[in-house]
Amino acid sequence: MLRRLRGWLRAILRHDAVEGEMQEEMRLHLERKIERLVARGLSPEAARAEAMREFGNLGRIQEEARDARGVQWIESALQDARYAVRGLRLKPGFAFAVIATLGLGVGANATMFGIVDRLMLRPPRYLIGPERSHHFYFGRSENGVERLGQAAQYRRYLDLAEGNSSMDVVAAFAPRQLAVGAGDIAEEAVFGAASASLWKLFDARPALGRFFTAEEDRDTDGARVAVLSYSYWQSRYGGSPDVLGSTIVIRPAQYTVIGVAPRGFAGVALETPDVFIPIAMAALDDFGPAWATARAEYSMTWLEIYGRRKPGVTLEAAEADLSAAYRASYRKQIEMEPGTAPIDLARPRVVLGSMLAERGPAPSANSRIALWLLGVTGIVLLIACANAGNLLLARALGRRREIAVRVALGVSRGRLLRQLLIESMVVAVLGTVAGLLLAQWGGQLLRTFLMNSVEWDSPIADRRVLLFTTVTAVFAGLLAGLAPMLQAGRSDQVAALKTGARDGEGRRSRIRAGLMLVQVALSVILLIGTGLFVRSFTRVGRVHLGYDAGRLLVVQVRLRNVELDSTQQVALRHALLDRARQNPAVEGATLAYSVPFSGTRSRRIFVAGVDSTSRLGEFIEQAASPGYFTTVGTRLLTGRDLLPEDGPGAPLVAVVSADMAKVLWPRQNAIGQCFRTRTDGAPCRTVVGIAENVKQASLGSEAAYTYYLPARQAGEFEGRLILRIRGEAESQREAIRRDLQGVMPSAGYLAVRPMARVVSQVTRSWRLGSTLFAVFGSLALVLASIGLYSVVAYSVAQRKHEVGVRIALGAKAGNVVGLVMRDGLRVVLAGVAVGAGVALAAGQWLSPLLFQVSPRDPWVFGAVTGVLVIVALIASGVPALRATRVDPATVLRED
Amino acid sequence: MPPAKTTLLQGTLDLIVLQLLQAEPTNGYDLTQRIQAISRDVLNVNAGSLYPALYRLEERGLVRAEWQSTDKGRRAKVYSLTAQGRKQLAGERDSWHRFSGALAAILRTG
């Protein structure tokens, strides 16, 4: 093996020397033979001829000899590669088309693979034993339906960590948005609140300093220490080693930096936290005085649990063991909170899932979209392959005579196929380079769009992506090279030589037509997907929300550790409201319990004459100060607004949504009716107004039951401020935050979010789907139209002679155009039919991702067909018109 | 008229080359001459099959090649057996003897 390797190496490195040696040896042989024949009395010329004859075909012997040395394939491969490169250089247009085509396909795939890999395939970096490491999910049955959740309490974490015998490590983790710095410079950073055991899940050494210990992670006598992520260290501290020992203000306390995590370390999260702090200290500072009770109870679920099985413990055994610990913990919870569902009904159990949340058992929409897009880019790649294959084939057909000559000169068919293969490989390699560049630039955009807070490696620096890209490219090259190879393997070379200038006349390549059909069909599928998503997205955009999302800012008060009693809380909010109303940019301000899609709560309500309201659906309770409806832009349909007079002593009132009025009091006037909230015994609230429906749980068309209570009649709550901004809200955000911050007690700060951004979270999947489908769909369309153009243009060039004859015989321009276009159009129509059929059949899988659009939407199907027919007309029309200008005299003389 | 030529049995060329090289390291040209001479012109191995065979054997590590100057001051690539080649030859010779003995016995039955 080694010797053979050496031989190959020698063959490559010392190619000329080895080759020279061989020729020298044969030359010497020949010389001696001639000498001997001359000695026998032949003339030198005759002797030479005789010797050569006996020697046979010198070139062939050398080739055989090379074969024997086992290096033939390398030599000829290099030779073929050089030949291919030369060929590409000679036709830069063709080269660009092929390489760009493959590059687009490969680049799109590299990008999407990078994303899917991060979401679903690649375990967190530095993780020990990925197959034994798990994210804990907690199953509980409600009404016989099991719900799986990841959130857990600190107490539960301790119970499980201490009560199991199957795990090496159990760790708690909670991502937090916390403010760093004080006063105006306060900004939010992402914190990883982690138990000290979290570090044991990883085989990571700190880049600087050390990680925190179990002693420091105790809420009784722990230490406020922080470990910075590598990137935060780089960006905020310039990678300076002096950072150790410095303090970092994390409201309301100061933490000492003791270490820096290694490069690329993100812990268990997909998004790299900026700073890691001990979870017990984070809880102490975050919950404030409430923590004293929360730590011992099961009331607050706010963290996630991860762990690693002991070696040799099966998944089932570990789940059984942890479920037993969970049940024991659950019994303690029942003792503390008597209202908790009994254990036989709740049937609590632990499910050990993948470390990657998107792998399930409860994945988000992100992974679904990413997988869809991977499928889409796969189709784009197939189209690119078909297109590149078509281009290569066109060229191979154009070279039929050249190939025929080479075959006649003794080049074996195998060698010929190999050369075609190598040619497509060269193209594939160049395409990969183009694709990687594309993935580098375009992919950045896509990744920011899809998951902007994840730390990404550049695709060129990422080994897995690089490997995937290479494999994809080789596959693409093989696929693209297949068509010309099939053709070459089949064609009759002698006939090719004989046909002369009219080569291939009348022959319509079935392979080319087939490739074209595949391209069109795949493009149709993608374009239909695009159409459906774009229509969904426009529908989403046209949904009447019932409020002016674009004009609203949501202000949340984060007090951190500042202790305020409820009067002070209320006073603070009123101070904030007053300050906001004085701001000229603010048109109106109101206090509200929740905002749509964020922090809403639903209550049980009771209405005389209605049996059980909960079977009708959810009733969302909103509490708001007077002026709420004008501020958010919800229209009041009848009745009156909430008024300042609706205070604690006044009669209890409420405004209800139109749907709620209709479902509770059908065919009656809801105004003046009354309902109770929370308990049957509560005092009855009189309906004083009906407001239009608002979308705040989903964008769908399902009924929206909402009722609004006057803030001062709603009990204590820590509400948010909603501000109506003159003009567009987003741009005013920072100025308003600074202005309002002045009212806050020193340690507190404000989180200000534009309402539009809250809504856009909800519409994101459609926006993503429509944008990306549109990008890839138009890419497919461009590729397919290039392909179609090249096919028709090529066949026109091939049939020039025939066209010339027809024109000479008196054919009209129209006849010629029809003749040329007919074939192209026929293929396109067949492709459209096939593609539309597949799309119809596959539509059911897409429908959950659509919004109020049928996957068989006739408009979309019609439009796509129309677009393709138009593209086909143009792509085949241009070469067809060119064909009419064929000058019969010239063409016929060419032969 | 040269005597009737016999075509070589598949795989016997390697055996012949190894056997001749064991007797004496030789260059390619002399090998062809020697085969012809020893087989009394029955076997005619031309350069077209000899060189690929030599390269093949070299590739397998059974022979090694060296450039040498001959007595007449001519350069030539001289092939000689390696230890592995010797072992291979012994094995192949045994199996050839067994084969030809068996074949002879069968032919005698006629």
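Distant-in-sequence amide contacts of A:VAL169, defined by a placed amide H-H separation under 5 Å and a gap of 5 or more residues or a different chain, comprise A:ARG308.
A loss of 30 Å² or more of accessible area (1.4 Å probe, protein heavy atoms, ligands and nucleic acids excluded) relative to the isolated chain is seen in these residues of region B:57-92: B:GLU59, B:TRP67, B:ARG74, B:ARG75, B:LYS77.
Placing R0 at 35 angstrom, the Cβ-Cβ distance between A:GLN556 and A:GLU335 gives a FRET efficiency of 0.50 after rounding to 0.05.
Taking all protein chains into account, the per residue accessible area for region A:630-750 stands at 45 Å² (1.4 Å probe).
Along the charge dipole of region A:689-765, Cβ charges K/R +1 and D/E -1, which of A:GLY715, A:GLY742, A:VAL694 sits furthest on the positive end? Going by the Cα projections, it comes out as A:GLY742.
For region A:710-809, the Kirkwood radius over C-alpha pairs fed into Stokes-Einstein at 10 °C and 1.306 mPa s yields D = 78 µm² per second. In order along region A:155-171, the phi-based Karplus estimate (6.51 cos²θ - 1.76 cosθ + 1.60, θ = phi - 60°) of 3J(HN,Hα) comes to 4, 4, 4, 5, 4, 6, 5, 8, x, 10, 10, 10, 10, 6, 9, 10, 10 Hz; Gly and Pro are listed as x. Extending 7 Å from the Cα toward the beta-carbon at both A:ARG885 and A:ILE128 defines two label points whose distance is 7.5 nm. Where q = 0.04, 0.07 Å⁻¹, what log10 of I(q)/I(0) comes from the Debye formula for chain A, counting one point per Cα? Debye curve over Cα of chain A, log10 I(q)/I(0) at q = 0.04, 0.07 Å⁻¹: -0.30, -0.79. Three principal axis extents of region A:772-895 based on alpha-carbon atoms, in descending order, are 63, 23, 17 Å. Residue ranking by accessible heavy-atom surface, 1.4 Å probe, largest first, among A:PHE191, A:PHE537 comes out as A:PHE537, A:PHE191.
Can you give me the accessible area per residue for region B:37-110, using a 1.4 Å probe, in Å²?
61
Given contacts defined as C-alpha pairs under 8 Å and at least six residues apart, what's the relative contact order of chain B, whole-number percent? If you can, show how the numbers build up before the last one.
Values: 109 pairs, mean separation 30.2, N = 110.
Reported as a whole number, the value is 27 percent.
Here the calculated FRET efficiency for A:LYS310 and A:HIS544, from their Cβ-Cβ distance with R0 = 45 Å, stands at 0.20, rounded to the nearest 0.05.
With 40 Å² as the minimum drop in accessible area between chain alone and full protein complex (1.4 Å probe), the qualifying residues in region A:26-40 are A:LEU28, A:HIS29, A:ARG32, A:ARG36. For the protein assembly as shown, the antiparallel share of DSSP beta bridges with both residues in that region comes to about 80%. In this simple spin-label model, placing a label point 7 Å from the Cα along the Cα-to-Cβ direction at both A:ALA813 and A:ARG615 gives a separation of 7.6 nm. Per atom type, the protein assembly as shown shows carbon and sulfur on 57% of its accessible surface, probed at 1.4 Å.
With the simple spin-label model, which puts each label point 7 Å out from Cα in the Cβ direction, the A:ALA650 to A:ARG463 separation comes to 7.0 nm.
Amide hydrogen proximity for B:ARG75: with H placed 1.01 Å from N in the peptide plane, the residues at 5 or more positions away or on another chain lying under 5 Å are B:THR70. The phi-based Karplus calculation (6.51 cos²θ - 1.76 cosθ + 1.60; θ = phi - 60°) puts the 3J(HN,Hα) values of region A:93-104 at x, 4, 4, 4, 4, 5, 5, 5, 4, 5, x, 4 Hz, whole numbers, x for Gly and Pro. Using heavy atoms of the protein chains and a probe of 1.4 Å, the accessible area assigned to A:TRP302 is about 40 Å².
Region A:647-719: percent of C-alpha pairs farther apart than 20 Å? Counting every Cα pair in region A:647-719, those more than 20 Å apart make up 34 percent.
Across region A:140-292, C-alpha contacts under 8 Å between residues 6 or more apart give a mean separation that, scaled by the residue count, equals a relative contact order of 26 percent. Going 7 Å from the Cα of A:ARG368 along its beta-carbon direction, which residues of region A:758-780 have the amide nitrogen within less than 11 Å of the resulting point? In region A:758-780, the label zone of A:ARG368 (backbone N under 11 Å from the point 7 Å along Cα→Cβ) covers A:765-766.
Under a 5 Å amide H cut-off, with hydrogens placed 1.01 Å from N, A:ARG601 pairs with A:GLU621 among residues at least 5 apart or on other chains. Quick check on chain B: take the gyration tensor over C-alpha atoms, sort the square-rooted eigenvalues as a ≥ b ≥ c, and tell me if it's rounded (a/c under 1.5), prolate or oblate. Because a/c hits 1.5 or more and a/b fails to exceed b/c, chain B counts as oblate. Using the 1.4 Å probe convention, the accessible area of region A:850-895 works out to 55 Å² per residue with neighbouring protein chains retained. Computed extension length for A:LEU892-A:LEU158: 255.1 nm, one decimal, from 0.36 nm per residue of separation with the Cα-Cα distance subtracted. For a 4.7 Å threshold on C-beta separation, the list of partnerless cysteines in chain A reads A:CYS385.
If I take every Cα pair under 8 Å that is 6 or more residues apart in region A:547-684, average their sequence separation and divide by the length, what percent do I get for the relative contact order? Kindly include the intermediate steps, with their values, before the conclusion.
Working: 124 pairs, mean separation 33.5, N = 138.
In percent, rounded to a whole number, it is 24.
Couplings 3J(HN,Hα) of region A:635-640, computed from phi: 7, 8, 7, 9, x, 10 Hz, in residue order, whole Hz [Karplus 6.51 cos²θ - 1.76 cosθ + 1.60, θ = phi - 60°; x for Gly and Pro]. Dipole magnitude for chain A: computed about the Cα centre from +1 point charges on Lys and Arg Cβ and -1 point charges on Asp and Glu Cβ, it is near 3320 debye.
Sorted from longest to shortest, the spans of the Cα atoms of region A:303-427 along the three principal axes equal 93, 33, 23 Å.
In Å² (nearest 100), what accessible area is buried between B and A, both sides summed, heavy protein atoms only, 1.4 Å probe? Can you show the working numbers first?
On the way: alone 7500 and 41480 Å², together 46870 Å².
Buried surface at the B/A interface: approximately 2100 Å².
The values are calculated or read from the model by the stated rules, or taken from the named source; none is laboratory data. Everything quoted here is computed from the prediction, not taken from an experiment. Heads up, the Cβs are rebuilt from the backbone with ideal geometry, glycines too, and the neighbour counts pull from every protein chain shown. With ligands, DNA and RNA removed, areas are computed over all heavy atoms of the protein, side chains included. Shrake-Rupley method; radii C 1.70, N 1.55, O 1.52, S 1.80 Å.
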